[in-house]
Amino acid sequence: MALGKNFRLPTDCKPVRYGAHLAPDLEAGTFEGRMELEVRLEAPRREIHLHAVGLTVGRARARVQDRSFKAASSTDAESETVTLRFDEELPAGSAILDLAWSGKFSPGLRGLYRAGPLAVTQFEAADARRVFPCFDEPAFKARWNVVLVGLPEGVAALSNGQPIRDQKEPGGGRTVQFSETPPLSSYLIAVVIGELAASPEAKARSYPVRTWAVPQKQALTGFGQEVATAVLPLLEDYFGQPYAYGKVDQVGVPDFEAGAMENAACITYREVALLLDPKTAPLNIQKRVAEVITHELSHQWFGNLVTMVWWDDLWLNEAFATWMAYKIVDQWRPRWRVWMDFEVGKGAALHLDALRSSHPIRAEIKNAEEAGESFDAITYEKGGAILRMIESYLGEEKFREGIRLYMRRHREANATADDLWGALAEASGQPIVDLANGWIRQTGYPLITLSQEGGRIRARQRRFFSDPHAAPEPTLWMVPLVLRIDGRERRFMMRSAEETIDPGGPFEWVLGNAGARGFYRAAYDPELLRRLIRALPELKPEERMALVSDQWALVRANAAKLDGFLDLLAALQGETDHTVLDEVVGRLSYLEHRVVADEDRPRYQSWVQKLFSRAAAELGWDPSPGEEDERRLRRAAVLRALALVGRDPAAISDAVARYRRQVAKHPQAVDPNLLDIVVAAAARQADENRFEEMKELARIEIDPAAKRRYLHALAMVEGAKLVPRSVELALDPFVPMQDFASYLATLLANRAAREEAWKMLRTRWDEVRKKGDSPMILRRLVEALGSLTERRHLVEVEKFLVEHELPPAKQAVAQTLERLRADVDLRERLQPELSSALRSRS
Ligand SMILES: [Zn+2]
């Protein structure tokens, strides 16, 4: 009997305790396993289903008290299960399953796989079944006792528990036994084996913390230690529950699919998300590492201690950890102002969620493959922004009380979104279930349009679409609207499509999303917009940033003119906040990449140069000693605009000179925050020697961010002779699997390499597919196609994606196609507008 792809394990048979022995052969890339698995049967059963993929089950029997039951096992590929059929019915109650099996390391970055000198596991969403026969759904929490057998001398071995036995076996090899874990879902189990070195152990309260890396990178583990030891106590205080897993190991893995994985007490990271030298790392990398570590540590409570029942509430894990990371890092390092970075992520989610092919935060998930597709900006950034909006509505204290109640009530168990809303409603006394469900169950978000009618303000809401031709939709949200009217904050709960607001007297200007806490966009009638732009200096940086983001979205949706948007950008040329400047430069870079016609390019570049030349002259290239971070980051935004978008010749030669000094290891050659710009400018102008030099740097660099920088620089070259080599390199093992999609995206965004890279993708698709053999990388490959720009590309991409069906990326395919169509339409619509706007400005 076929069980089918959507088969879910029956809930009348539950795992209680796994005693799993795993004997990996690191040389051969195979493993043998055996386990005693205690299960609890609610009713007598003849059959037990477990998940397993690619495993050969040898022995299968059960023990009930002192009776033994034999079983025949059969596997089913579609449901990824193994079914044990016993010779007679097992009675209700406790039984011990006794299993033995063998399997192989995975070629991709999931299950048990090789990453440089390590063997490492990655199980979320549903790949524990590639290593252990198990109940591989999040609702089945059980205690795990892991024993690693036959390990070579001298390698490190880590898992969720503490090592409690480490001894030589008489027949050779080593056995390491780990302490029993609290109840955990299978996706949170981890094993890491190989040559690793750790930082000296530090303590966060009483918990030992260690950060691990391959030995030559041991010196880069200090910052990760510092972050983990600082934020763990802050998290413990927030949740009001002690850390449950005894110790923290953080491991930098040389080839890793996601950013990081929150395995209980054995957290694995992409190296660039954990390891750095604070003396040479740009501030944005330091913030990113702190944010990722805090995200993974928040999961130890939200996700690990209290786990979603099923993957439809994956967003609960991810939205919460996303939001919490910013909250805690902000508490730890307020001067970093990380909420501004949160706004950047929110901007990406608003963009994605304006597509017709978007999806609700909480979506129906039928199987593990669909679960894997949910790891996107809607789940993380939109979800995080909705939690922030609700927190702002309830108040920080009440919100925290609700979270503590939810933790107390469901610790070591499972819960759903409604359990969370219930706890928040109970703690706050506010009926938030309807409000919250409107935001997590409906796709998209509202555009709030404000107009002045007599002495009153009229607010209208409608679902916002990027596509100017999208048919209107009747969806409504309960919107916690926060206005600022002449500097005074006013709160309203908007429930209907249209409402009239009494401003409380005559007013000059009104802002539609004060503090930018709401997950919506705001639009204004022309007069209100004019007055708001006059009031720009009175707005907070996050509000100016949101204004730029909203106005740009309206241009895309053909609801505002490009000319007015360019005026807004020009009005911000004296902007001193670097995050607002980054937003401005981001839009200018988009226009340069996608819209500007070749014949208009010189005019566009000189306009951009004019916008930033004064700020650049004031800031210079070299910081004065002790200069504050904000000024350094502002310099980076301005020089990026000048050297990379405006292609100012003087700025480019300044950048290249600094690249040379950097490579020559000249002390203090360049401020770390400028390294991306300097290396990109040098790569575009590279000749053969510099290409080889950068390739060598990408090979030998120990620091993961520096390595990544040089690696991607190779995809930015513009010299006609170098482009084919740069494209060829994509398929070479020189580009690791984890960087494959981003390397290709960089090639496709490079005007000089785009055609050749796209041709390679089509003609050598089998090789590409083989290298990107994991669902997450495949999705990123599809998304990389969105970097193409012209209508003929769109036609080719559409045809290509029809001919090459990619089921694990069907959502990414739909979103990429819709986005690319929109970008191509926009290019054709804006090109003449931009052309005439540039003429009138030059
Ligand atoms: Zn996460």
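Brief remarks follow.
- Any hit, region 398-421, residues being within 15 Å of the ligand (Cβ to nearest atom), in a helix (DSSP H, G or I) and over 24 Å from ALA514 (Cα atoms): no
Each row is one residue, and each column tells you yes or no for (1) farther than 17 Å from HIS578 by Cα; (2) among the hydroxyl-bearing types (Ser, Thr, Tyr); (3) in contact with a Gly (Cβ under 6 Å, 6 or more places away or on another chain).
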residue: GLU628; (1), (2), (3): no, no, no
residue: ARG631; (1), (2), (3): no, no, no
residue: ALA641; (1), (2), (3): no, no, no
residue: PRO649; (1), (2), (3): yes, no, no
residue: SER653; (1), (2), (3): yes, yes, no
residue: ALA657; (1), (2), (3): yes, no, no
residue: ALA681; (1), (2), (3): yes, no, no
residue: PRO704; (1), (2), (3): yes, no, no
residue: TYR710; (1), (2), (3): yes, yes, no
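- Among (1) surrounded by fewer than 20 Cβ atoms within 10 Å (Cβ to Cβ); (2) in a strand (DSSP E or B); (3) touching a residue at least 60 places away in the same chain (Cβ under 8 Å) - the single one GLY515 does not satisfy: (2)
This table checks each residue for (1) exposed (fewer than 15 other Cβ atoms within 10 Å of the Cβ); (2) out of contact with any Pro (no Cβ under 6 Å at 6 or more places or on another chain); (3) within 19 Å of GLY19 (Cα to Cα).
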position: VAL57; (1), (2), (3): no, yes, yes
position: ARG63; (1), (2), (3): no, yes, yes
position: ARG67; (1), (2), (3): yes, yes, no
position: ALA72; (1), (2), (3): yes, yes, no
position: ARG85; (1), (2), (3): yes, yes, no
position: GLU89; (1), (2), (3): yes, no, no
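- All helices (runs of 4 or more DSSP H) inside region 616-711 with 1 or more residues being in contact (Cβ under 8 Å) with a residue 60 or more places away in the chain: 629-639, 675-684
- Considering residues of region 259-295 that are among the aliphatic types (A, V, I, L, M) and part of a loop (DSSP other than H, G, I, E, B) only, the residue surrounded by the fewest Cβ atoms within 10 Å (Cβ to Cβ): ALA281
- Looking only at region 397-417, residues that are under 25 Å from the mean Cα position of the chain (by Cα) and either buried (at least 17 other Cβ atoms within 10 Å of the Cβ) or of a type in the set (D, E, K, R) (or both) come to 7 in all.
- Subset of region 1-52 [surrounded by 18 or more Cβ atoms within 10 Å (Cβ to Cβ) and without any contact (Cβ under 8 Å) to a residue 24 or more places away in the chain]: none
- Residue that is touching a residue at least 40 places away in the same chain (Cβ under 8 Å), surrounded by fewer than 21 Cβ atoms within 10 Å (Cβ to Cβ) and outside any helix (DSSP H, G or I), where the choices are SER451, SER466: SER451
- Reported count of residues in region 718-775, each being surrounded by 21 or more Cβ atoms within 10 Å (Cβ to Cβ), aromatic (Phe, Trp, Tyr) and closer than 18 Å to PHE691 by Cβ, is 1.
- The listed residues are GLY4, GLY29, and the only one of them that is in contact with a Lys or Arg (Cβ under 8 Å, 6 or more places away or on another chain) and on the phi > 0 side of the Ramachandran plot turns out to be GLY29.
- Check on VAL53, closer than 22 Å to ASN263 by Cβ, among the hydrophobic types (A, V, I, L, M, F, W, C) and at pLDDT 95 or above: yes
- Output for region 252-288, where each listed residue is within 11 Å of the ligand (Cβ to nearest atom), hydrophobic (A, V, I, L, M, F, W, C), over 24 Å from ARG337 (Cβ atoms) and at pLDDT 95 or above: MET261, ILE267
- Of all residues in region 132-157, those being of a type in the set (A, V, I, L, M) and within 12 Å of HIS51 (Cα to Cα) number 0.
- Test: PHE565 is within 26 Å of ASN673 (Cβ to Cβ), within 33 Å of the chain's Cα centre (by Cα) and part of a helix (DSSP H, G or I): no
- Condition met for GLU755 (of a type outside the set (A, V, I, L, M), without any contact (Cβ under 8 Å) to a residue 24 or more places away in the chain, in contact with a Phe, Trp or Tyr (Cβ under 9 Å, 6 or more places away or on another chain) and over 19 Å from ASP622 (Cα atoms)): no
- Residues being charged (D, E, K, R), surrounded by 13 or more Cβ atoms within 10 Å (Cβ to Cβ) and closer than 21 Å to THR221 by Cβ - total across region 148-206: 1
- Just one of the listed residues (ARG210, ARG143, ARG129) is in a helix (DSSP H, G or I) and touching a residue at least 40 places away in the same chain (Cβ under 8 Å), and it is ARG129.
- The listed residue being in a helix (DSSP H, G or I), of a type in the set (A, V, I, L, M, F, W, C) and in contact (Cβ under 8 Å) with a residue 12 or more places away in the chain, out of LEU355, LEU387: LEU387
- Selection from region 180-207 of residues that are part of a loop (DSSP other than H, G, I, E, B) and either farther than 26 Å from ARG110 by Cα or touching a His at 6+ places or on another chain (Cβ under 6 Å) (or both): SER199, PRO200, GLU201, ARG205, SER206
Residue-wise test of (1) on the phi < 0 side of the Ramachandran plot; (2) of a type in the set (D, E, K, R); (3) out of contact with any Pro (no Cβ under 8 Å at 6 or more places or on another chain); (4) within 11 Å of the ligand (Cβ to nearest atom).
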| position | (1), (2), (3), (4) |
| --- | --- |
| ALA290 | yes, no, yes, no |
| HIS295 | yes, no, yes, yes |
| SER298 | yes, no, yes, yes |
| PHE302 | yes, no, yes, yes |
| THR307 | yes, no, no, no |
| TRP310 | yes, no, no, no |
| TRP315 | yes, no, yes, yes |
| ALA321 | yes, no, yes, yes |
| ALA325 | yes, no, yes, yes |
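- Residue count for region 88-113 under the criterion of being in contact with a strand residue (DSSP E or B) (Cβ under 8 Å, 6 or more places away or on another chain) and either within 29 Å of TRP212 (Cβ to Cβ) or aromatic (Phe, Trp, Tyr) (or both): the result is 12.
The values are calculated or read from the model by the stated rules, or taken from the named source; none is laboratory data. Not measured: the values here are computed from a predicted model. Here the Cβ is made from the backbone with ideal geometry for all residues, glycine too, and neighbour counts use every protein chain on show.
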